[in-house]
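The values are calculated or read from the model by the stated rules, or taken from the named source; none is laboratory data. Computed from a predicted model, the values in this text were never measured in an experiment. When we count neighbours, we look across all protein chains shown, and the Cβ atoms used for this are built from the backbone with ideal geometry, even at glycine.
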Amino acid sequence: MYCLNRSPRLVSFIIPTVDKTDLLEQCLDSIINVCMLNNASGIKHEILVVQDGISPGITNKLKALCKRFHCHFLQTGRFSGYTSAINLGLQYSKGDLLVLLNDDVRFEQKEWLDLIIKSLQLHPQAGLAGCRLLYPDRRIQYGGMFYSDDFQLLRHKFQGCPESEPDAQRVIRTVALTGAVLAVKREVYSQIGPLDQRFVILCSDTDYCLTAHMKGWYVLYNGKAYAIHMESQTRKQFAELKQLSKIEYRDKLLFYNKWSGQLKQMHMRGMI
């Protein structure tokens, strides 16, 4: 555990992947040579790469990357989806701060980790924090979430807007964040446990944030911190699987049935 005036001793980056070794290499390089090399507090880190499934040729490439970047390498054993891969990484993580990270994300902002940690320190009730995400062309991919009356669900704010959009650069309390880049305090994980594995591919990240929010934790969107996100590059590889659309549909339906009523009430109270 860490308090308001102390930085985490160890940060765990947890990255699920399947076969996008080129994207993963960029991601790992940016963690080591941008995010961690330049953090002002000299915080230590560990990286856990979790291969979802086993493919001998890809596995060998992933093992080589992990050896090169000094990462822990884990395997789910069979294709089981994003949530199971994240949970396996969480199970073996040792950090005070747990950063869930898609393999199609890369850091270019040297202050990213310091900004995230500072926002958590300034808001001691905050248990989770996320950041602004940009497409490679510098348009905003994600700038927080808003309530959609049409769907009674949460959607991404400022999508397609210029990166300089002022409102996307605020630090605000919210109810949920995307899991593409999501920092979670160890205390939150100790209380709530793993992500809900009923969600196979989609929605488990947002579900986790909402669960934490309902248990009294603050969820922070820090728009001053940003990362580059290719968006959905990890999931595109599953396009040949006939069950993919069915799995995603079931995930969305489960999330709707679980949260749509409460999200509507939160919206009516002005919380989202």
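Here are a few things to note about the model shown:
- Taking the stretch 137-210 as the region of interest, the strands (runs of 3 or more DSSP E) fully inside it that hold 2 or more residues being touching an Asp or Glu at 6+ places or on another chain (Cβ under 7 Å) are 140-142.
- Answer from Phe151, Phe199, Phe146 - the residue that is of a type in the set (Phe, Trp, Tyr), out of contact with any Leu (no Cβ under 6 Å at 6 or more places or on another chain), at pLDDT 95 or above and under 25 Å from Ser260 (Cα atoms): Phe199
- Residues satisfying the stated conditions in the stretch 129-161, i.e. within 19 Å of the chain's Cα centre (by Cα) and loosely packed, with under 13 Cβ neighbours inside 10 Å: Pro136, Arg155
- Selection from the stretch 163-218 of residues that are hydroxyl-bearing (Ser, Thr, Tyr), touching a strand residue (DSSP E or B) at 6+ places or on another chain (Cβ under 9 Å) and within 23 Å of Ser7 (Cβ to Cβ): Tyr189, Tyr218
- Residue match in the stretch 112-119 (condition: crowded, with 18+ Cβ neighbours inside 10 Å, farther than 30 Å from Gln51 by Cβ and acidic (Asp, Glu)): yes
- Subset of the stretch 152-172 [touching a residue at least 60 places away in the same chain (Cβ under 8 Å) and closer than 23 Å to Leu202 by Cβ]: Gln152, Leu153, Leu154
- Subset of the stretch 21-67 (residues that are among the small types (Gly, Ala, Ser) and at pLDDT 95 or above): Ser30, Ala64
- Residue identified as within 18 Å of Leu101 (Cα to Cα), within 20 Å of the chain's Cα centre (by Cα) and not in a strand (DSSP E or B) among Leu62, Leu24: Leu24
- In summary, Leu133 fulfils each of the numbered conditions (1) within 22 Å of Leu263 (Cβ to Cβ); (2) outside any strand (DSSP E or B); (3) not small (Gly, Ala, Ser) with the single exception of condition (2).
- Only a single item in (1) in a strand (DSSP E or B); (2) under 18 Å from Lys185 (Cβ atoms) is not met by Phe73, and it is number (2).
- Per-region count, the stretch 214-268, residues modelled with pLDDT of 95 or more, under 22 Å from Thr17 (Cβ atoms) and out of contact with any helix residue (DSSP H, G or I) (no Cβ under 9 Å at 6 or more places or on another chain): 1
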